[in-house]
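For reference, the structure discussed in these notes is given below.
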Amino acid sequence: MATVIYIIGIFKNTRIANPMVYVQPKLFWGNVGLTLIIDLTPVLMLFILLAVLKMSSWKATLITSIATLILAIAIGVPADGAVSAWLIGALFGLWSISWLIFWGITWFNTWRLTGHLDAFTSWMLKNITNDVRIIALTIAWALGALIEGLIGFGTPWAYLVPILISLGLPTLRALTVMAIANTAPVAYGAFGIPIVTLAGVAGLPLIATSGAVAHIVAVLAFVIVFAILTFIDGWRGIKEAWPAALIGALGYVLGQFTTAVYVGPYLADVMGSIIAFLFLVGLAKVWRPKHMVPPPAIKVSDVKDRGAVARAWASLILFVTVMGLWNSPISPLKWVVATFSVPAYSEVLQKQVSVSYAFNVLVTGTSALVAWLITLPLMKAGVKDAVNALKATWRQTWGAVFTGIFVISLAFVFNYSGMAYSLAYLTTGLGLWFLAISPFLGWLGAALTGSNTSSNALFGPFQAAMGQLLGLPPLLLPSTQTVGAELGKPVAPQTVSAGVSTTEYVRREGEIIRNNMKYSIALVFVLIIIGVLYWLIYPWPFIVSK
C-alpha cells in the first residue's frame, strides 16, 4: 500500500514516510558467512554481468537491481519498503541524473554540430605556444577537461587522441597521455554526476561532498600534469616546459576548486578548463621554452570566421552562467513538490537511517534544458540543428539514461536493506588500514563497471558507513572512493573501447588496458598518500558542519 501512496503522492507538496520502520540487523540471521554472501551478491552479480559476460550497462544494472530487490525481500525486508526504496532510487536516477545527462549532452552536441567546438579548438591552437609539448598538454589537459565536464563517457579520448597523433605522438603514447590526463576531471565529469550520485546514495550533503573531493583532486592535478609532460617528452619535457604544466594545473585547480567548493559539482570541470585555457594563453604572451619543438601540420579545421570563435566563447559562457546561477546554493529556483522517504533503524549505526529524495521540478537537468534553449539563437542553430542534436544525444545516451535509473534503484535497495551497513560492520576489523583499501574499492568499481557513477552507487553507502564506524571524518572515505574511481577509468574496458574508436587499436583494447594498468595503480598509491596526509594534518574539509 505504501508503494501506491508514493506514486500518487508525487504531485503533492507533502512529506511521505513509510509507517513500517524496518530494523536492519548487524548480521542476517546472526550468521557471519551468510551475511557476507548476501552483502556481496549484488556487487559480484553486477561485476560478472559487466566484466565477464560483457553485458551492456543498462541491462546489467536492470537485472542486478531487480535481483537485489528480490534478495532483500527474501531475507526479510518488508516488501512495501523495499519496492518503495527501489522506486525512489529510480526517480532519483531519472530526474537528478538521466535528465541532466540528456540535456547537458544535447547542448554539447548542438555546440559541436554547429561548428563551435572546431572554432574553439582552432582558437586555442592559434593562441598557445607553438611547441608540441605545450600544445599536447593543453589539448589533453584543458580541452579534455572541458569535454569530460560537458559529456564524459570516454569521449575526450575519441575526440582528442587523433589531434595528439597529428602532433607526431605515436598512437599508444597519445592514448596513454589522454588516459592519464582524463583521470582528474572524471569525478566532476558529465556535469558532476558521480558526485551527485555519491551524495545521494550515501545521504551526504552535496556541496560539502563536492568540496571535500575538490581538496583531493586539487593536489592530484599537479601530479598528473607533470606525468603528462613526462609521457610526451620524458625528462626533457619536464625540464623545458614545466612552467606550462604548473600554470595549466594552477588554472584548472583555481576554477575547479572554487566552483566545486562554493557552487557545487555541476560545472567544476568546465570552469577549471576555461581558466586553464586563459592561463595557458596568457603564458604564451610572456614565455616560451628555451628550445622549441614545433609540431607538424595539425589536422584541425581552420575556422577563418572570427564570428564563429566569438559565438563559441559567448555560447559557452552563457550556458555556464545560466547553469551556475540556477544551481548556486543561494538560487531561489527550487520547487520541491514532494519528499519521498523510507526510514529504517540500523543496528550497526544505532540510529535511524533512510533512503529519501526531494523531487525538485527545477532540478539541474531542467536548468540545462533552459540553458540550451536560450543559447540556440546565439549558436545560430536552426530547427534542423536542434533536431540533429537531439537525435545524436539519444543515440549516445539512451543506455546511460536507463543505467542512471537502475543503478540508483539498486543502490537504494542495497542501502535500505542494510546490506551496506552489515558489510561495513564485517569489515571494521581492518581498522585504519581501510584508509589504504578505500581508494582501491573505488578503482575496482570503475575498472569493472566502466563508470565512476556506478562505482559510487555501489560502494558509496559502504564507504560512508565505514567512516562512521572507524571514527574518521565523514567525507574522507567517500572522497577517496570517488577519486579512486576516476583513477580506474584508464583500465575500464568500456572507457577504453570508446577511447580507441578513432584509432587502429579498435578491438585491441587489451593492449591499452595492460599498458595503462601500471600508471593507473601508481596513481592510486599517490591518492592513498594524499588521503592519509589530509587525515593526519588537515582533516577539516572532510568534516560535515552541523
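The values are calculated or read from the model by the stated rules, or taken from the named source; none is laboratory data. Fair warning: this is a prediction, and the values are worked out from it, not measured in the lab. Here Cβ is always computed from backbone atoms with ideal geometry, including for glycine, and neighbour counts include all displayed protein chains. Remember, those area values only see protein heavy atoms, side chains included, never the ligands or the DNA or RNA. Shrake-Rupley method; radii C 1.70, N 1.55, O 1.52, S 1.80 Å.
For the stretch 169-214, the alpha-carbon coordinates run over 45, 16, 15 Å along the three principal axes, in decreasing order.
Summary of the geometry: the stretch 442-485 and the stretch 328-385, compared by the centres of their Cα atoms, lie 22 Å apart. Shown here: Rg and Dmax of the Cα atoms in Å, derived from the displayed model; of the candidates (i) 24.6, 85; (ii) 22.9, 74; (iii) 22.9, 78, it corresponds to (ii).
Taking amide H as placed 1.01 Å from N in the peptide plane, the amide H of Val353 sits under 5 Å from that of Ala344, Tyr345, Ser346, each at least 5 places away or on another chain.
State, to one decimal in nm², a quarter of the convex hull surface area for the C-alpha atoms of the stretch 232-344, i.e. the direction-averaged projected area.
Numbers: hull surface 51.7 nm².
It is 12.9 nm².
Roughly how many debye, to the nearest 20, is the charge dipole of the chain about its Cα centre, given +1 on each Lys and Arg Cβ, -1 on each Asp and Glu Cβ, and no other charges? If you can, show how the numbers build up before the last one.
Values: 30 positive and 16 negative charges, 161 e Å.
Value, rounded to 20: 780 debye.
Dividing the mean sequence gap of close Cα pairs (under 8 Å, 6+ apart) by how many residues the chain holds gives a relative contact order of 25 percent. What is the Cα centroid distance between the stretch 23-70 and the stretch 506-536, reported in whole angstrom? The stretch 23-70 and the stretch 506-536 have Cα centres spaced 26 Å from each other. Seen against the Cα atoms of the chain and their longest principal axis, helix 509-537 is set at about 70 degrees. Calculate, for Arg395 and Asn130, the FRET efficiency according to 1/(1 + (r/R0)^6) with r their C-beta to C-beta distance and R0 41 Å; round to the nearest 0.05. The calculated FRET efficiency here is 0.65.
Each of Pro343, Asn360, Val320 was placed along the dipole of the stretch 218-368 (beta-carbon charges, centred on the mean Cα), and the one lying farthest toward the positive end is Val320.
Across the accessible surface of the chain, with the other protein chains kept in place and a 1.4 Å probe, carbon and sulfur atoms take up 69 percent.
Between Lys54 and Ile66, full extension at 0.36 nm per residue minus the direct alpha carbon distance yields a gain of 2.4 nm. Taking Cα atoms only, the orientation of helix 189-202 departs from the longest principal axis of the chain by about 20 degrees.
Using a simple charge model, +1 on the beta-carbon of Lys and Arg, -1 on the beta-carbon of Asp and Glu, nothing else, what dipole does the stretch 325-438 show about its Cα centre, in debye to the nearest 20?
Working: 6 positive and 2 negative charges, 84 e Å.
Dipole of the stretch 325-438, to the nearest 20 debye: 400 debye.
For a modelled paramagnetic label at Lys380, 7 Å from Cα along Cα-to-Cβ, the residues of the stretch 308-327 in reach, with backbone nitrogen under 12 Å, are 308-312. Here's the picture: charge each Lys and Arg Cβ at +1 and each Asp and Glu Cβ at -1 in the chain, and of Val524, Leu220, Gly237 the one pushed furthest to the positive end of that dipole is Gly237. Calculated accessible area for the stretch 113-167 comes out at 19 Å² per residue, all protein chains present (probe 1.4 Å; ligands, DNA, RNA ignored).
Rounded to the nearest Å, what's the spacing between the alpha carbon centres of the stretch 206-231 and the stretch 156-201? Just the number, please. Their Cα centres are 14 Å away from one another.
Determine the dipole magnitude for the stretch 457-546: charges of +1 sit on the beta-carbon of Lys and Arg, -1 on that of Asp and Glu, nothing else is charged, the reference point is the Cα centre, and the result goes in debye to the nearest 20. If you can, show how the numbers build up before the last one.
Numbers: 6 positive and 4 negative charges, 14 e Å.
Here the stretch 457-546 has a charge dipole of around 60 debye.
In the stretch 304-376, what trypsin sites (Lys or Arg not before Pro) fall in a loop by DSSP, with at most 12 other Cβ atoms inside 10 Å? Qualifying residues, ordered by number: Lys304, Lys334. Against the chain, whose longest principal axis is taken from its Cα atoms, helix 99-113 shows a tilt of about 10°.
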